[in-house]
Amino acid sequence: MRTVLVIGIGLGSPDQVTLEAVAALNRVDVFFGTEKGSAADELSMLRRALCDRHATARPHRFVNAPDPERDRAPRSYQLAVADWTAARAEVYETMLEAELAEGGCGGVLAWGDPAFYDSTLRVLDAVRAAGRLDLEVEVVPGVSSVQALAAAHRISLTRVGRPLTLTTGRRLVAGGYPTGVDDVVVMLDGDTAFARIEPEGLTIYWGAYLGSPGQILVAGDLKAVREDILTARRDARDRRGWIMDTYLLRRAPHETSG
Ligand SMILES: C[S@@+](CC[C@H](N)C(=O)[O-])C[C@H]1O[C@@H](n2cnc3c(N)ncnc32)[C@H](O)[C@@H]1O
């Protein structure tokens, strides 16, 4: 039996790692990951810095493999993701079998929290389902960009007795602002969906590089601030070579149609 700990590490700041995550980091013999380039290089350096700081109780190694290519213009998004998950599962199975001894403890560091748009658990489920490795998986939660956004803006994401919707930029572009919903958190928005929807009556709370020293925040009436966000976003991405942003779109409840 091999054990794999999926550890939510927050957003790169070593101070944002929970004590439970630190204990988990110190159980790990081998940290596994996949790498893709640019943004990922910086993130992978942050991961190593985090282990240098916190995983000090025992020797550990890093094993990384190239991330499988993903079809960026697929006819079916769902099928493309399924293919990519299967390819990643093969990569992980090969790494785990070759680099983690029976009885050993592996670690996968999940950015933020593995519960939010993270493939790690899906990939490890696929490895287990293949049935060739006896694998036990444990999960340690981390601070997600969703929580970091709320803290940075000093807001609660949920209003009294109201639901909260979490979605992607892709879905927002495809379907517009969802009907019957007052609070929407948007992640994975490389195409600035907030600038393409009808802004009337919406307030935005936007954050980039949350939880790190370069954090940028903008809040206000969407119509009034969306150009500012587009400019800040473009400038920051040009400067750093990558950007990750998350935002809340909020509508006054009495304007809800559903
Ligand atoms: C693949 S998802 C991973 C989310 C991650 N598991 C979490 O808990 O935040 C990547 C998306 O998370 C959001 N994100 C991750 N890190 C962020 C950060 N430091 N600042 C703002 N948004 C971030 C962005 O919406 C980005 O497109």
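With +1 assigned to the C-beta of every Lys and Arg and -1 to the C-beta of every Asp and Glu, and no other charges, what is the dipole magnitude of the chain about the Cα centre in debye, to the nearest 20?
On the way: 30 positive and 35 negative charges, 90 e Å.
About 440 debye.
Suppose each label sits 7 Å from its Cα in the direction of the beta carbon; what would the ARG72-ALA252 distance come out to in nanometres?
4.2
Rounded to the nearest 5, what % of DSSP beta bridges with both residues in the chain are antiparallel?
Bridges in the chain are about 40 percent antiparallel.
To the nearest 0.05, how large is the calculated FRET efficiency for MET45 and GLU200 if R₀ is 41 Å and r is the Cβ-Cβ distance?
Computed FRET efficiency for MET45 and GLU200: 0.45.
What residue among THR165, THR231, THR18 shows peak mean-square fluctuation when the chain is described by a Gaussian network model with Cα springs under 10 Å?
THR231
Under 1.5 on a/c is rounded, so check that first for segment 2-143, then, if it is not, pick prolate when a/b is larger than b/c and oblate when it is not; a ≥ b ≥ c are the square roots of the alpha carbon gyration tensor eigenvalues.
oblate
Normalising by the residue count of segment 2-143, find the relative contact order in percent from Cα pairs under 8 Å and 6+ residues apart.
Computed over segment 2-143, the figure is 47 percent.
Just to confirm the filter: which trypsin sites (Lys or Arg not before Pro) across segment 39-75 are DSSP coil and have at most 14 other Cβ within 10 angstrom of their Cβ?
Sparse-neighbourhood loop trypsin sites (Lys or Arg not before Pro): ARG70, ARG72, ARG75.
What FRET efficiency comes out for the pair TRP242/ALA98, r = Cβ-Cβ distance, R0 = 35 Å, nearest 0.05?
On the way: r = 31 Å, r/R0 = 0.87.
Efficiency computed from Cβ-Cβ geometry: 0.70.
Please report, in debye to the nearest 20, how large the charge dipole of segment 146-255 is about its Cα centre when each Lys and Arg carries +1 at its beta carbon and each Asp and Glu carries -1 there.
240
Quote the relative contact order of the chain in percent (integer), defining contacts as alpha-carbon pairs under 8 Å separated by 6+ residues. Mind showing how you got there, number by number?
Details: 457 pairs, mean separation 58.8, N = 258.
23 percent.
Which residue, GLY201, GLY180, MET244, has the largest displacement toward the positive end of the dipole of segment 146-255 when charges sit on each Cβ (Lys, Arg +1; Asp, Glu -1)?
MET244
Here, each number is a calculation from the coordinates, and none is a lab measurement. Quick caveat: nothing in here was measured; it's all calculated off a predicted structure. No Cβ is skipped: glycine too gets one built from the backbone with ideal geometry, and neighbour counts run over all protein chains shown.
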